[in-house]
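Engineer: Below you'll find the structure I mean.
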Amino acid sequence: MADALAAANLEEEEDDLLDFEFLITNNNAPANKRIKIIGLDDLLSDLKEEHKIKKKSKVAKPRKQYKLDDDDDDKTEISLFKAVDQFQDEIKKIDGQNGIVDEHDSAIGTASWGLQVFGAQRNPSPVAHSDLGCSKMLGTFLNNELNSLVDLSMETGEAFVKGLLSNGWLSKLVLKCGHLEESIAKWAFNQVLYSSEESSRTFACEFWCSILLYNEVDAASIKIDWLPSYSLLNDALESFGYLLLPQNVAPNEELTGSSECQGPPSTIISWIKFSGVCCQVRSRHQMFSVSETEKLILIMACLFLDQRLLGLSSIMNESLISAINYFTDEEWDNSCQSVAKSVAERVPRDLNCLRSAECIPSVDTRGKQLKSATAFEVLKLCFQEKLHIWFAYSDFVTDNPPQIDNAQDALTLLISTAVKDTSCDLFHTYICLVLVNNWLTFGTLSNDTETDQLWSTFLRKCSSQISNNDFRPYAQEVRNRASYLLKGTGNDW
(Lines give C-alpha, C1' and ligand atoms only; values in the text may rest on other atoms or scores of the structure.)
Protein backbone atom coordinates (compact mmCIF):
# COMPACT_ATOMS: atom_id res chain seq x y z
CA MET A 1 0.00 0.00 0.00
CA ALA A 2 2.76 2.41 0.86
CA ASP A 3 4.48 1.88 -2.50
CA ALA A 4 1.24 2.42 -4.38
CA LEU A 5 0.54 5.70 -2.57
CA ALA A 6 4.11 6.95 -3.33
CA ALA A 7 3.73 6.20 -7.01
CA ALA A 8 0.37 8.00 -7.13
CA ASN A 9 1.80 11.09 -5.44
CA LEU A 10 4.70 11.17 -7.92
CA GLU A 11 2.32 11.16 -10.90
CA GLU A 12 0.30 14.03 -9.40
CA GLU A 13 3.49 16.12 -8.92
CA GLU A 14 4.52 15.51 -12.50
CA ASP A 15 1.13 16.67 -13.75
CA ASP A 16 1.45 19.90 -11.75
CA LEU A 17 4.86 20.80 -13.33
CA LEU A 18 5.08 23.16 -16.28
CA ASP A 19 6.53 22.03 -19.61
CA PHE A 20 9.98 23.55 -19.24
CA GLU A 21 10.18 22.42 -15.64
CA PHE A 22 9.39 18.94 -16.78
CA LEU A 23 12.21 19.06 -19.35
CA ILE A 24 14.66 20.34 -16.78
CA THR A 25 13.60 17.60 -14.37
CA ASN A 26 14.05 14.95 -17.02
CA ASN A 27 17.44 16.35 -18.12
CA ASN A 28 18.71 16.41 -14.59
CA ALA A 29 17.54 12.88 -14.02
CA PRO A 30 20.31 10.37 -13.89
CA ALA A 31 20.97 8.51 -17.12
CA ASN A 32 22.95 5.54 -18.05
CA LYS A 33 24.73 7.35 -20.99
CA ARG A 34 27.54 9.89 -20.48
CA ILE A 35 26.86 13.39 -21.80
CA LYS A 36 29.73 14.81 -23.91
CA ILE A 37 30.49 18.48 -23.18
CA ILE A 38 31.63 20.42 -26.32
CA GLY A 39 33.90 23.41 -25.66
CA LEU A 40 34.56 26.58 -27.71
CA ASP A 41 37.94 25.31 -28.93
CA ASP A 42 36.32 22.18 -30.30
CA LEU A 43 33.77 24.24 -32.22
CA LEU A 44 36.51 26.41 -33.72
CA SER A 45 38.56 23.41 -34.84
CA ASP A 46 35.49 21.81 -36.41
CA LEU A 47 34.77 25.02 -38.31
CA LYS A 48 38.30 25.10 -39.71
CA GLU A 49 37.99 21.51 -40.87
CA GLU A 50 34.75 22.30 -42.69
CA HIS A 51 36.44 25.25 -44.49
CA LYS A 52 39.30 23.04 -45.62
CA ILE A 53 36.86 20.51 -47.02
CA LYS A 54 34.96 23.23 -48.93
CA LYS A 55 38.18 24.65 -50.43
CA LYS A 56 39.26 21.25 -51.67
CA SER A 57 35.88 20.67 -53.29
CA LYS A 58 35.95 24.10 -55.04
CA VAL A 59 39.41 23.76 -56.60
CA ALA A 60 38.97 24.46 -60.36
CA LYS A 61 40.33 22.28 -63.00
CA PRO A 62 43.71 23.47 -64.27
CA ARG A 63 43.46 25.52 -67.46
CA LYS A 64 45.40 24.69 -70.52
CA GLN A 65 48.49 26.90 -70.74
CA TYR A 66 50.12 27.59 -74.08
CA LYS A 67 53.75 28.31 -73.63
CA LEU A 68 55.74 29.69 -76.50
CA ASP A 69 59.37 29.03 -76.85
CA ASP A 70 61.81 31.77 -77.81
CA ASP A 71 61.75 30.60 -81.40
CA ASP A 72 57.96 30.84 -81.48
CA ASP A 73 58.13 34.37 -80.07
CA ASP A 74 60.58 35.43 -82.75
CA LYS A 75 58.46 33.92 -85.49
CA THR A 76 55.35 35.69 -84.18
CA GLU A 77 57.14 39.04 -84.01
CA ILE A 78 58.51 38.67 -87.53
CA SER A 79 55.10 37.76 -88.89
CA LEU A 80 53.56 40.81 -87.21
CA PHE A 81 56.19 43.09 -88.73
CA LYS A 82 55.57 41.61 -92.15
CA ALA A 83 51.83 42.10 -91.75
CA VAL A 84 52.29 45.75 -90.78
CA ASP A 85 54.63 46.41 -93.69
CA GLN A 86 52.25 44.73 -96.08
CA PHE A 87 49.37 46.79 -94.72
CA GLN A 88 51.35 50.04 -95.18
CA ASP A 89 52.22 49.08 -98.75
CA GLU A 90 48.58 48.43 -99.51
CA ILE A 91 47.57 51.77 -98.04
CA LYS A 92 50.18 53.55 -100.15
CA LYS A 93 48.87 51.84 -103.26
CA ILE A 94 45.29 52.76 -102.44
CA ASP A 95 46.03 56.34 -101.48
CA GLY A 96 48.50 56.97 -104.26
CA GLN A 97 51.03 58.35 -101.83
CA ASN A 98 54.10 57.79 -103.99
CA GLY A 99 56.36 60.67 -103.11
CA ILE A 100 53.74 62.36 -100.95
CA VAL A 101 54.70 60.84 -97.60
CA ASP A 102 57.82 62.50 -96.23
CA GLU A 103 60.67 60.98 -94.25
CA HIS A 104 58.71 61.31 -91.03
CA ASP A 105 55.74 59.41 -92.48
CA SER A 106 53.50 62.44 -92.14
CA ALA A 107 51.00 62.68 -94.95
CA ILE A 108 50.25 65.96 -96.62
CA GLY A 109 46.63 65.40 -95.72
CA THR A 110 47.46 66.28 -92.13
CA ALA A 111 49.22 69.53 -93.09
CA SER A 112 48.05 72.84 -91.75
CA TRP A 113 48.85 76.46 -92.50
CA GLY A 114 51.09 78.46 -90.23
CA LEU A 115 54.64 79.82 -90.21
CA GLN A 116 56.80 81.20 -87.46
CA VAL A 117 56.98 84.82 -88.52
CA PHE A 118 58.78 85.98 -85.37
CA GLY A 119 62.06 84.56 -84.15
CA ALA A 120 64.84 85.78 -81.91
CA GLN A 121 64.23 89.20 -80.40
CA ARG A 122 66.96 91.81 -80.27
CA ASN A 123 67.65 94.59 -77.84
CA PRO A 124 65.33 97.53 -78.65
CA SER A 125 66.73 100.74 -80.09
CA PRO A 126 64.41 103.57 -79.01
CA VAL A 127 64.50 106.91 -80.75
CA ALA A 128 66.84 109.33 -79.03
CA HIS A 129 65.12 112.43 -77.75
CA SER A 130 66.01 115.43 -75.65
CA ASP A 131 65.17 115.62 -71.99
CA LEU A 132 61.52 116.25 -71.26
CA GLY A 133 62.67 118.96 -68.91
CA CYS A 134 63.46 121.02 -71.99
CA SER A 135 59.82 120.92 -73.06
CA LYS A 136 58.26 124.37 -73.19
CA MET A 137 54.93 122.98 -72.04
CA LEU A 138 56.51 121.32 -69.02
CA GLY A 139 58.67 124.40 -68.34
CA THR A 140 55.56 126.58 -68.35
CA PHE A 141 54.02 124.41 -65.68
CA LEU A 142 57.21 124.41 -63.63
CA ASN A 143 57.21 128.20 -63.55
CA ASN A 144 53.54 128.36 -62.66
CA GLU A 145 52.38 129.18 -59.15
CA LEU A 146 50.42 125.94 -59.05
CA ASN A 147 53.70 124.01 -59.08
CA SER A 148 54.10 124.89 -55.42
CA LEU A 149 51.18 122.55 -54.71
CA VAL A 150 52.71 119.51 -56.42
CA ASP A 151 56.39 120.44 -56.01
CA LEU A 152 57.36 119.25 -59.52
CA SER A 153 61.06 119.21 -60.40
CA MET A 154 63.15 118.34 -63.44
CA GLU A 155 63.95 114.92 -61.94
CA THR A 156 60.26 114.01 -61.79
CA GLY A 157 59.39 115.53 -65.16
CA GLU A 158 58.99 112.22 -67.02
CA ALA A 159 56.84 110.77 -64.25
CA PHE A 160 54.62 113.83 -64.44
CA VAL A 161 54.25 113.56 -68.24
CA LYS A 162 53.54 109.85 -67.87
CA GLY A 163 50.77 110.66 -65.43
CA LEU A 164 49.31 113.18 -67.88
CA LEU A 165 49.50 110.48 -70.57
CA SER A 166 47.69 107.87 -68.50
CA ASN A 167 44.73 110.10 -67.57
CA GLY A 168 44.33 111.57 -71.08
CA TRP A 169 45.39 115.10 -70.18
CA LEU A 170 48.50 115.11 -72.35
CA SER A 171 46.55 114.95 -75.61
CA LYS A 172 44.13 117.61 -74.35
CA LEU A 173 47.01 119.95 -73.49
CA VAL A 174 48.66 119.40 -76.89
CA LEU A 175 45.41 120.00 -78.76
CA LYS A 176 44.72 123.06 -76.62
CA CYS A 177 48.18 124.48 -77.25
CA GLY A 178 48.13 123.43 -80.92
CA HIS A 179 51.72 122.25 -80.73
CA LEU A 180 53.34 118.83 -80.29
CA GLU A 181 56.96 119.28 -79.38
CA GLU A 182 59.66 116.98 -80.70
CA SER A 183 60.76 115.73 -77.27
CA ILE A 184 57.22 114.73 -76.27
CA ALA A 185 56.51 113.23 -79.72
CA LYS A 186 59.60 111.02 -79.64
CA TRP A 187 59.04 110.06 -76.02
CA ALA A 188 55.46 109.03 -76.76
CA PHE A 189 56.61 107.08 -79.85
CA ASN A 190 59.07 105.12 -77.73
CA GLN A 191 56.29 104.37 -75.27
CA VAL A 192 54.16 102.96 -78.10
CA LEU A 193 56.75 100.49 -79.36
CA TYR A 194 59.25 99.85 -76.58
CA SER A 195 57.55 100.27 -73.22
CA SER A 196 57.47 97.16 -71.07
CA GLU A 197 54.15 98.21 -69.51
CA GLU A 198 51.05 97.38 -71.47
CA SER A 199 49.14 100.34 -70.05
CA SER A 200 51.85 102.77 -71.17
CA ARG A 201 51.81 101.34 -74.70
CA THR A 202 48.03 101.59 -74.85
CA PHE A 203 47.87 105.17 -73.55
CA ALA A 204 50.71 106.30 -75.84
CA CYS A 205 49.02 104.72 -78.87
CA GLU A 206 45.76 106.46 -77.98
CA PHE A 207 47.66 109.72 -77.61
CA TRP A 208 49.14 109.48 -81.12
CA CYS A 209 45.79 108.43 -82.58
CA SER A 210 44.04 111.44 -81.04
CA ILE A 211 46.71 113.79 -82.42
CA LEU A 212 46.89 112.32 -85.93
CA LEU A 213 43.15 111.71 -86.36
CA TYR A 214 42.08 115.07 -84.95
CA ASN A 215 39.53 116.17 -87.52
CA GLU A 216 38.30 119.50 -86.25
CA VAL A 217 38.20 122.60 -88.42
CA ASP A 218 41.43 123.90 -86.96
CA ALA A 219 43.26 120.59 -87.27
CA ALA A 220 45.70 122.11 -89.75
CA SER A 221 46.74 124.60 -87.12
CA ILE A 222 48.24 121.86 -84.92
CA LYS A 223 51.98 121.98 -85.36
CA ILE A 224 53.80 118.65 -85.07
CA ASP A 225 57.57 119.06 -84.81
CA TRP A 226 58.38 115.41 -85.45
CA LEU A 227 56.67 112.47 -87.21
CA PRO A 228 57.85 108.84 -87.29
CA SER A 229 59.06 107.31 -90.56
CA TYR A 230 58.77 103.87 -92.12
CA SER A 231 62.40 103.10 -91.29
CA LEU A 232 61.70 103.55 -87.58
CA LEU A 233 58.72 101.22 -87.76
CA ASN A 234 60.82 98.70 -89.66
CA ASP A 235 63.63 98.91 -87.09
CA ALA A 236 61.15 98.31 -84.30
CA LEU A 237 59.72 95.30 -86.15
CA GLU A 238 63.16 93.77 -86.62
CA SER A 239 63.91 94.23 -82.93
CA PHE A 240 60.72 92.28 -82.25
CA GLY A 241 62.30 89.33 -84.06
CA TYR A 242 60.33 89.62 -87.30
CA LEU A 243 61.56 87.22 -89.97
CA LEU A 244 60.87 88.36 -93.50
CA LEU A 245 60.10 85.20 -95.42
CA PRO A 246 62.74 84.45 -98.07
CA GLN A 247 61.64 84.04 -101.64
CA ASN A 248 62.48 80.37 -101.82
CA VAL A 249 60.82 78.74 -98.85
CA ALA A 250 60.27 75.01 -98.99
CA PRO A 251 56.71 73.84 -98.30
CA ASN A 252 55.92 73.27 -94.63
CA GLU A 253 59.30 74.75 -93.60
CA GLU A 254 59.27 76.69 -90.35
CA LEU A 255 61.41 79.75 -89.76
CA THR A 256 63.04 79.62 -86.36
CA GLY A 257 65.21 81.94 -84.33
CA SER A 258 68.29 81.23 -82.28
CA SER A 259 67.19 82.96 -79.08
CA GLU A 260 65.11 81.55 -76.29
CA CYS A 261 63.05 84.75 -76.40
CA GLN A 262 60.83 83.99 -79.35
CA GLY A 263 58.11 86.29 -80.68
CA PRO A 264 55.63 87.58 -81.28
CA PRO A 265 56.08 90.16 -78.52
CA SER A 266 53.17 91.91 -76.88
CA THR A 267 54.33 95.20 -78.44
CA ILE A 268 53.20 93.98 -81.87
CA ILE A 269 49.65 95.04 -81.00
CA SER A 270 50.52 98.70 -80.65
CA TRP A 271 52.78 98.46 -83.73
CA ILE A 272 49.87 97.21 -85.87
CA LYS A 273 47.48 99.87 -84.58
CA PHE A 274 49.97 102.70 -84.97
CA SER A 275 50.93 101.64 -88.52
CA GLY A 276 47.28 101.57 -89.56
CA VAL A 277 46.63 105.04 -88.16
CA CYS A 278 49.67 106.45 -89.97
CA CYS A 279 48.18 105.20 -93.26
CA GLN A 280 44.89 107.04 -92.64
CA VAL A 281 46.34 110.57 -92.47
CA ARG A 282 48.13 110.88 -95.81
CA SER A 283 46.13 113.96 -96.77
CA ARG A 284 47.57 115.87 -93.79
CA HIS A 285 50.72 113.98 -92.74
CA GLN A 286 52.39 111.85 -95.39
CA MET A 287 54.78 109.67 -93.44
CA PHE A 288 55.30 106.87 -95.98
CA SER A 289 56.17 106.75 -99.65
CA VAL A 290 54.30 104.55 -102.13
CA SER A 291 56.98 101.84 -102.12
CA GLU A 292 57.17 101.89 -98.32
CA THR A 293 53.43 101.41 -98.05
CA GLU A 294 53.69 98.44 -100.42
CA LYS A 295 56.26 96.90 -98.08
CA LEU A 296 53.99 97.61 -95.14
CA ILE A 297 51.13 95.71 -96.80
CA LEU A 298 53.50 92.81 -97.44
CA ILE A 299 54.49 92.74 -93.78
CA MET A 300 50.87 92.80 -92.64
CA ALA A 301 49.99 89.98 -95.03
CA CYS A 302 52.84 87.87 -93.62
CA LEU A 303 51.61 88.50 -90.07
CA PHE A 304 48.45 86.60 -90.97
CA LEU A 305 50.55 83.45 -91.46
CA ASP A 306 51.46 83.22 -87.77
CA GLN A 307 48.79 81.25 -85.93
CA ARG A 308 49.83 82.86 -82.67
CA LEU A 309 48.42 86.15 -83.98
CA LEU A 310 44.94 84.79 -84.72
CA GLY A 311 43.54 86.76 -81.81
CA LEU A 312 44.65 89.98 -83.53
CA SER A 313 42.84 89.26 -86.80
CA SER A 314 40.38 92.12 -86.32
CA ILE A 315 43.13 94.66 -85.62
CA MET A 316 45.22 93.40 -88.54
CA ASN A 317 42.21 93.59 -90.88
CA GLU A 318 41.59 97.22 -89.96
CA SER A 319 45.24 98.18 -90.43
CA LEU A 320 45.49 96.30 -93.73
CA ILE A 321 42.40 98.07 -95.06
CA SER A 322 43.92 101.42 -94.06
CA ALA A 323 47.17 100.56 -95.86
CA ILE A 324 45.31 99.48 -99.02
CA ASN A 325 43.36 102.74 -99.07
CA TYR A 326 46.57 104.79 -98.69
CA PHE A 327 47.15 104.93 -102.45
CA THR A 328 45.54 107.23 -104.97
CA ASP A 329 43.55 105.77 -107.85
CA GLU A 330 46.44 106.38 -110.24
CA GLU A 331 48.92 104.61 -107.96
CA TRP A 332 46.78 101.67 -107.00
CA ASP A 333 46.84 99.56 -110.19
CA ASN A 334 50.63 99.30 -110.27
CA SER A 335 50.93 98.95 -106.51
CA CYS A 336 48.33 96.18 -106.45
CA GLN A 337 50.33 94.07 -108.90
CA SER A 338 53.58 94.80 -107.08
CA VAL A 339 52.17 93.76 -103.71
CA ALA A 340 50.56 90.62 -105.17
CA LYS A 341 53.86 89.47 -106.70
CA SER A 342 55.77 90.17 -103.49
CA VAL A 343 53.32 88.17 -101.41
CA ALA A 344 53.38 85.25 -103.88
CA GLU A 345 57.18 85.11 -103.83
CA ARG A 346 57.38 84.99 -100.04
CA VAL A 347 54.92 82.23 -99.18
CA PRO A 348 55.51 78.49 -99.63
CA ARG A 349 53.30 76.59 -102.05
CA ASP A 350 51.20 74.84 -99.43
CA LEU A 351 48.18 75.85 -97.36
CA ASN A 352 50.00 79.05 -96.41
CA CYS A 353 49.61 80.40 -99.94
CA LEU A 354 45.85 79.93 -99.62
CA ARG A 355 45.95 81.74 -96.30
CA SER A 356 47.91 84.63 -97.81
CA ALA A 357 45.18 85.21 -100.39
CA GLU A 358 42.16 84.57 -98.20
CA CYS A 359 43.36 86.81 -95.35
CA ILE A 360 43.07 89.91 -97.54
CA PRO A 361 39.79 91.63 -96.57
CA SER A 362 37.34 91.93 -99.46
CA VAL A 363 35.09 94.61 -97.99
CA ASP A 364 35.72 97.08 -100.83
CA THR A 365 36.79 97.12 -104.47
CA ARG A 366 40.50 97.46 -103.76
CA GLY A 367 40.52 94.58 -101.31
CA LYS A 368 38.80 92.31 -103.83
CA GLN A 369 41.21 93.37 -106.54
CA LEU A 370 44.24 92.63 -104.36
CA LYS A 371 42.82 89.26 -103.30
CA SER A 372 42.23 88.28 -106.92
CA ALA A 373 45.67 89.47 -108.06
CA THR A 374 47.43 87.66 -105.20
CA ALA A 375 45.61 84.41 -105.96
CA PHE A 376 46.59 84.66 -109.64
CA GLU A 377 50.26 85.36 -108.89
CA VAL A 378 50.45 82.44 -106.47
CA LEU A 379 48.67 80.25 -109.03
CA LYS A 380 51.25 81.06 -111.71
CA LEU A 381 54.09 80.12 -109.39
CA CYS A 382 52.34 76.87 -108.48
CA PHE A 383 52.07 76.01 -112.17
CA GLN A 384 55.71 76.84 -112.85
CA GLU A 385 56.94 74.64 -110.01
CA LYS A 386 54.65 71.74 -110.83
CA LEU A 387 54.69 71.73 -114.64
CA HIS A 388 56.99 68.71 -114.82
CA ILE A 389 54.61 66.85 -112.49
CA TRP A 390 51.55 68.01 -114.40
CA PHE A 391 52.83 66.65 -117.69
CA ALA A 392 53.73 63.35 -116.03
CA TYR A 393 50.03 62.53 -115.74
CA SER A 394 48.35 64.99 -118.13
CA ASP A 395 46.53 64.01 -121.32
CA PHE A 396 48.90 65.83 -123.64
CA VAL A 397 52.68 66.01 -123.88
CA THR A 398 54.73 68.87 -125.27
CA ASP A 399 58.35 69.95 -125.20
CA ASN A 400 57.39 73.61 -124.64
CA PRO A 401 55.12 73.95 -121.60
CA PRO A 402 52.60 76.77 -122.05
CA GLN A 403 52.89 79.99 -120.11
CA ILE A 404 50.02 80.85 -117.81
CA ASP A 405 49.02 84.37 -118.77
CA ASN A 406 45.23 84.30 -118.63
CA ALA A 407 42.27 82.38 -117.26
CA GLN A 408 41.84 80.22 -120.36
CA ASP A 409 45.40 78.91 -120.14
CA ALA A 410 45.10 78.11 -116.45
CA LEU A 411 41.74 76.40 -116.73
CA THR A 412 42.77 74.42 -119.83
CA LEU A 413 45.76 73.05 -117.94
CA LEU A 414 43.59 72.20 -114.94
CA ILE A 415 41.02 70.41 -117.09
CA SER A 416 43.79 68.20 -118.51
CA THR A 417 44.49 66.84 -115.04
CA ALA A 418 43.72 63.12 -114.74
CA VAL A 419 42.18 63.24 -111.28
CA LYS A 420 41.32 59.51 -111.41
CA ASP A 421 44.98 58.56 -111.77
CA THR A 422 46.43 57.35 -108.48
CA SER A 423 49.63 59.30 -109.15
CA CYS A 424 47.74 62.60 -109.40
CA ASP A 425 48.76 65.14 -106.76
CA LEU A 426 45.34 66.03 -105.40
CA PHE A 427 46.85 68.31 -102.79
CA HIS A 428 48.21 70.51 -105.58
CA THR A 429 44.86 70.25 -107.36
CA TYR A 430 43.08 71.42 -104.21
CA ILE A 431 45.39 74.44 -103.88
CA CYS A 432 44.81 75.39 -107.52
CA LEU A 433 41.06 74.90 -107.09
CA VAL A 434 40.86 77.35 -104.20
CA LEU A 435 43.20 79.85 -105.85
CA VAL A 436 41.23 79.87 -109.10
CA ASN A 437 38.03 80.34 -107.14
CA ASN A 438 39.44 83.42 -105.36
CA TRP A 439 40.91 84.70 -108.60
CA LEU A 440 37.64 84.47 -110.55
CA THR A 441 35.25 85.37 -107.74
CA PHE A 442 36.93 88.63 -106.76
CA GLY A 443 38.35 89.52 -110.18
CA THR A 444 36.89 91.02 -113.33
CA LEU A 445 36.47 87.71 -115.20
CA SER A 446 33.34 86.55 -113.41
CA ASN A 447 31.11 87.60 -116.34
CA ASP A 448 33.26 86.06 -119.09
CA THR A 449 31.22 83.33 -120.78
CA GLU A 450 34.19 81.30 -122.04
CA THR A 451 35.87 81.43 -118.65
CA ASP A 452 32.67 80.35 -116.91
CA GLN A 453 32.29 77.35 -119.21
CA LEU A 454 35.86 76.20 -118.66
CA TRP A 455 35.51 76.68 -114.91
CA SER A 456 32.28 74.65 -114.83
CA THR A 457 33.91 71.89 -116.89
CA PHE A 458 36.78 71.58 -114.42
CA LEU A 459 34.45 71.58 -111.42
CA ARG A 460 32.23 68.94 -113.01
CA LYS A 461 35.24 66.76 -113.72
CA CYS A 462 36.48 66.93 -110.12
CA SER A 463 33.06 66.26 -108.62
CA SER A 464 32.15 63.37 -110.93
CA GLN A 465 35.44 61.54 -111.48
CA ILE A 466 36.36 61.39 -107.78
CA SER A 467 34.10 58.95 -105.95
CA ASN A 468 32.88 59.39 -102.41
CA ASN A 469 34.89 56.34 -101.30
CA ASP A 470 38.18 57.63 -102.68
CA PHE A 471 40.56 57.71 -99.71
CA ARG A 472 43.51 59.40 -101.37
CA PRO A 473 44.82 62.49 -99.56
CA TYR A 474 42.64 65.51 -100.32
CA ALA A 475 40.40 63.50 -102.65
CA GLN A 476 37.27 64.30 -100.67
CA GLU A 477 38.36 67.91 -100.15
CA VAL A 478 38.65 68.40 -103.91
CA ARG A 479 35.39 66.58 -104.60
CA ASN A 480 33.35 68.41 -101.96
CA ARG A 481 34.73 71.85 -102.78
CA ALA A 482 34.16 71.31 -106.51
CA SER A 483 30.59 70.08 -105.93
CA TYR A 484 29.82 73.09 -103.76
CA LEU A 485 31.27 75.58 -106.24
CA LEU A 486 29.55 73.84 -109.15
CA LYS A 487 26.14 74.40 -107.58
CA GLY A 488 27.00 78.08 -107.21
CA THR A 489 27.66 78.38 -110.98
CA GLY A 490 24.22 77.08 -111.84
CA ASN A 491 25.74 74.53 -114.25
CA ASP A 492 25.73 71.48 -112.01
CA TRP A 493 24.33 69.24 -114.74
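Engineer: Residues that are within 24 Å of the chain's Cα centre (by Cα) and free of Cβ contacts under 8 Å to residues at least 40 places away in the same chain: find the helices (runs of 4 or more DSSP H) completely inside segment 271-376 holding 1 or more of those.
Structural biologist: Output list reads 290-303, 313-324, 329-345.
Engineer: For the condition part of a loop (DSSP other than H, G, I, E, B) and at pLDDT 90 or above, what is the one hit in PRO228, PRO251? Explain how you work it out, then say what you get.
Structural biologist: Numbers: PRO251 fails: at pLDDT 90 or above.
Answer to the check: PRO228.
Engineer: In segment 334-371, how many are small (Gly, Ala, Ser) and either within 20 Å of VAL290 (Cβ to Cβ) or in contact with a His (Cβ under 8 Å, 6 or more places away or on another chain) (or both)? Reasoning before the result, please.
Structural biologist: To start, the set of residues in segment 334-371 that are small (Gly, Ala, Ser) comprises 335, 338, 340, 342, 344, 356-357, 362, 367.
From what's left, either within 20 Å of VAL290 (Cβ to Cβ) or in contact with a His (Cβ under 8 Å, 6 or more places away or on another chain) (or both): 335, 338, 340, 342, 344, 367.
Looking only at that region, the number is 6.
Engineer: Mind checking which pairs have a first residue in segment 174-197 that is more than 14 Å from ALA236 (Cα to Cα) and a second that is of a type in the set (Lys, Arg) and modelled with pLDDT under 90, Cβ under 6 Å, 6 or more apart or different chains?
Structural biologist: As it stands, the answer is HIS179/LYS223, since those pairs meet every condition given.
Engineer: Going by what's in this entry, would THR422 be described as open to solvent by 50 Å² or more (accessible area, probe 1.4 Å), closer than 29 Å to GLN369 by Cβ and hydroxyl-bearing (Ser, Thr, Tyr)?
Structural biologist: Against the criterion (open to solvent by 50 Å² or more (accessible area, probe 1.4 Å), closer than 29 Å to GLN369 by Cβ and hydroxyl-bearing (Ser, Thr, Tyr)), THR422 does not qualify.
The values are calculated or read from the model by the stated rules, or taken from the named source; none is laboratory data. In this text the structure is predicted, and so the values were computed from the model without any measurement. Because the Cβ atoms are built from the backbone with ideal geometry, glycine has one as well, and the counts that use them run over all protein chains shown. For the accessible areas, the whole protein counts, side chains as well, though only heavy atoms, and no ligand, DNA or RNA atoms are used. Shrake-Rupley method; radii C 1.70, N 1.55, O 1.52, S 1.80 Å.
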